[in-house]
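The values are calculated or read from the model by the stated rules, or taken from the named source; none is laboratory data. These figures come from a predicted structure and were not determined experimentally. All Cβ positions, glycine included, derive from the backbone under ideal geometry; neighbour counts span all protein chains shown.
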Amino acid sequence: MTREYGDVFARIDSLVDGIEDEIARMATVACELFQSMEGFDWVGFYRVTAPETLTIGPYQGTHGCLVIPFSRGVCGACARLRETQVVPDVEDFPGHIACASSTRSEIVVPVFGPDGALIAVLDVDSDRPAAFDENDARALEAMCARVFG
């Protein structure tokens, strides 16, 4: 599925323009993506809160995992490697953490602050298999760089 992000990203850019608080920006991004994008069944941020530790931040959807070490799951791999993870089938990902049993595929994008430090990961889950591709990865990476970098 090729998604069109233009209008959604324009709304995000407009909503966060001039907003310094990164948690407010995260909440706005999560809300807008969840409400606007087909197949985005859970959208949220896991923030870097301690060395090698992610803690749930603003999100939309059912409950998420509260704390994820960099050593576990798709979010941990993204944080550890500092690279986007596109997972067509979560059952095939070694060490996947099943926060929701309905999740079939996932994309996780690293979020870097203005100084280049990893501040969070953006996690998007879908109840459909193979819901994300490289086009989604590039679009979400560019949006995160604009909004948080």
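Do you know which residues across the range 6-25 are touching a helix residue (DSSP H, G or I) at 6+ places or on another chain (Cβ under 8 Å) and closer than 22 Å to CYS78 by Cα?
Selection gives GLU22, ARG25.
Do we find a residue being part of a loop (DSSP other than H, G, I, E, B), closer than 23 Å to ILE97 by Cβ and touching a Lys or Arg at 6+ places or on another chain (Cβ under 9 Å) anywhere in the range 13-33?
Checking the range 13-33: not a single residue is part of a loop (DSSP other than H, G, I, E, B), closer than 23 Å to ILE97 by Cβ and touching a Lys or Arg at 6+ places or on another chain (Cβ under 9 Å).
Which members of the range 56-79 meet the condition of being farther than 15 Å from ASP41 by Cα, in contact with a Gly (Cβ under 7 Å, 6 or more places away or on another chain) and part of a strand (DSSP E or B)?
Answer for the range 56-79, where residues must be farther than 15 Å from ASP41 by Cα, in contact with a Gly (Cβ under 7 Å, 6 or more places away or on another chain) and part of a strand (DSSP E or B): ILE56, GLY57, ILE68, PRO69.
Among the residues of the range 102-126, which ones are part of a loop (DSSP other than H, G, I, E, B), at pLDDT 95 or above and charged (D, E, K, R)?
The one that is part of a loop (DSSP other than H, G, I, E, B), at pLDDT 95 or above and charged (D, E, K, R): ASP115.
Can you confirm whether the range 58-68 contains a residue that is of a type in the set (A, V, I, L, M), in contact (Cβ under 8 Å) with a residue 12 or more places away in the chain and closer than 24 Å to GLN35 by Cβ?
no
Out of the residues in the range 80-100 that are of a type in the set (D, E, K, R) and in a loop (DSSP other than H, G, I, E, B), which is farthest from PHE148 (Cα to Cα)?
ASP89
Go through (1) farther than 27 Å from ALA50 by Cβ; (2) acidic (Asp, Glu); (3) surrounded by fewer than 22 Cβ atoms within 10 Å (Cβ to Cβ) and name the single condition ASP136 misses.
(3)
State which residue is nearest to ARG3 (Cα to Cα) when the search covers only the range 90-116 and only residues that are in contact (Cβ under 8 Å) with a residue 60 or more places away in the chain and surrounded by fewer than 17 Cβ atoms within 10 Å (Cβ to Cβ).
The extreme case among them is SER102.
Just checking, does the range 51-65 include any residue being surrounded by 22 or more Cβ atoms within 10 Å (Cβ to Cβ), farther than 11 Å from ASP123 by Cα, touching a His at 6+ places or on another chain (Cβ under 8 Å) and not hydroxyl-bearing (Ser, Thr, Tyr)?
No: zero hits.
Please tell me if PHE70 is surrounded by fewer than 20 Cβ atoms within 10 Å (Cβ to Cβ) and closer than 20 Å to ARG25 by Cα.
Criteria not met by PHE70.
When you look at THR84, is it of a type in the set (Ser, Thr, Tyr) and in contact with a Ser or Thr (Cβ under 9 Å, 6 or more places away or on another chain), yes or no?
no
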